[in-house]
1. Would region 177-191 turn up any residue that is within 30 Å of Pro27 (Cα to Cα) and either of a type outside the set (Gly, Ala, Ser) or free of Cβ contacts under 8 Å to residues at least 12 places away in the same chain (or both)?
2. Show the residue pairs that are 6+ apart or on different chains and have beta-carbon atoms under 8 Å apart, the first residue being within region 1-21 and assigned to a helix (DSSP H, G or I), the second being surrounded by fewer than 22 Cβ atoms within 10 Å (Cβ to Cβ) and of a type in the set (D, E, K, R).
3. Taking Gln183, is it of a type outside the set (D, E, K, R) and more than 21 Å from Gln42 (Cβ to Cβ)?
4. Anything in region 87-107 that is buried (at least 19 other Cβ atoms within 10 Å of the Cβ), assigned to a loop (DSSP other than H, G, I, E, B) and either modelled with pLDDT of 90 or more or aromatic (Phe, Trp, Tyr) (or both)? List them, or say none.
5. In region 108-125, which residue that is closer than 24 Å to Ala182 by Cβ and among the aliphatic types (A, V, I, L, M) is modelled with the lowest pLDDT?
6. Of the residues Asp187, Asp180, which is modelled with pLDDT of 95 or more, more than 23 Å from Ala241 (Cα to Cα) and charged (D, E, K, R)?
7. Would you confirm whether any residue within region 113-121 is closer than 30 Å to Arg272 by Cβ, touching a Gly at 6+ places or on another chain (Cβ under 8 Å) and either touching a residue at least 24 places away in the same chain (Cβ under 8 Å) or not hydrophobic (A, V, I, L, M, F, W, C) (or both)?
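The values are calculated or read from the model by the stated rules, or taken from the named source; none is laboratory data. The structure presented is a predicted model; accordingly, all values stated were derived computationally and were not measured. No Cβ is skipped: glycine too gets one built from the backbone with ideal geometry, and neighbour counts run over all protein chains shown.
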Amino acid sequence: MSADDYCRQRAGASGSSLHYSVLFLPPAPRHAIVALHAYWQQLRDAVDGASDPAIAGAQLAWWRTEVERLYADVPQHPVTQALARHRDIGGITQQGLLQVVDGMHMVIGASRFADAAALARHCRLAAGSIAEMTAGLCGMREAATADYARALGEGLQIVHILRELGEDARRGRIRIPLEDMAQFGVDPADMLAGRYVDGFVPLMRCEAQRARDAFAEAARLLPPAAARAQQPGRIMAAIHAALLDELERDGFRVLHQRVALTPLRKLAIAWRTRMASQPRPR
């Protein structure tokens, strides 16, 4: 199995949101973006798959060293070997890859975010860095596009957190700001036990609005001239916005189930988003 095939199995399999986000790209940037997201998936698995925080920390330390090996041209893992093949496209940076490690460190064990600022920092490091490097792989020419990508990553990560709330709770993890939980009267113990208390849905609506605000900010910051080049991020945002709507329609019953969009619906969203950025005939 080639390094690119490994990455596609880890992050870009048919039916995934990423698959449809990069569906219309040429092979080189498509493979590079899939490798970048496979890297994110490996780090996520390092944190989620270890019951002992010390083991999770050790695995993230290994990945930090592996990034250093990547930039010393001696990568060991198939994901970093794939990243090495695509570094010449531009966009993938050592700093960005290490920022993802820092973001994942913030959720090891039973870590809690005190407030919205802590949540935003996690989102910008863990997902905004990936979104910014993805934007670079798509040909980032305007400085404002980097700001767009960071806001996009924040929105994407919040939607991911809301969808994975039940799985997080079963791991003893809460990524909703404690300040927000206190405001709506939701005790962490209730969330960890999977109880839908009175303030739960209003709390979820508050967090969902954070994601929508981040997507709106990303759309505002994206230079019109970059809209076509940044199609993968725009498709990903549209898919996650639709998923957020689905979570809300379902009453945010996320503590006991995982909501997902069908592949056909993702394809339809991807196609509509692509067509919206095509130049109109004169």
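1. Here is the first cut: in region 177-191, the ones within 30 Å of Pro27 (Cα to Cα) are none.
No, every residue in region 177-191 fails to be within 30 Å of Pro27 (Cα to Cα) and either of a type outside the set (Gly, Ala, Ser) or free of Cβ contacts under 8 Å to residues at least 12 places away in the same chain (or both).
2. Between residues of region 1-21 that are assigned to a helix (DSSP H, G or I) and residues that are surrounded by fewer than 22 Cβ atoms within 10 Å (Cβ to Cβ) and of a type in the set (D, E, K, R), the close pairs are Ala3/Arg85; Asp4/Arg85.
3. Working: of a type outside the set (D, E, K, R): yes; more than 21 Å from Gln42 (Cβ to Cβ): yes.
Here the answer is yes, as Gln183 does meet what is asked.
4. Matches in region 87-107: Ile92, Val107.
5. Ala110
6. On the way: Asp180 fails: more than 23 Å from Ala241 (Cα to Cα).
Just one listed residue meets the conditions, Asp187.
7. Among the residues of region 113-121, not one is closer than 30 Å to Arg272 by Cβ, touching a Gly at 6+ places or on another chain (Cβ under 8 Å) and either touching a residue at least 24 places away in the same chain (Cβ under 8 Å) or not hydrophobic (A, V, I, L, M, F, W, C) (or both), which makes the answer no.
Yes/no per residue for (1) within 25 Å of Ala32 (Cβ to Cβ); (2) modelled with pLDDT under 95; (3) not acidic (Asp, Glu):
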site: Tyr196; (1), (2), (3): no, no, yes
site: Arg205; (1), (2), (3): no, no, yes
site: Ala216; (1), (2), (3): no, no, yes
site: Ala229; (1), (2), (3): yes, yes, yes
site: His240; (1), (2), (3): yes, no, yes
site: Leu267; (1), (2), (3): yes, no, yes
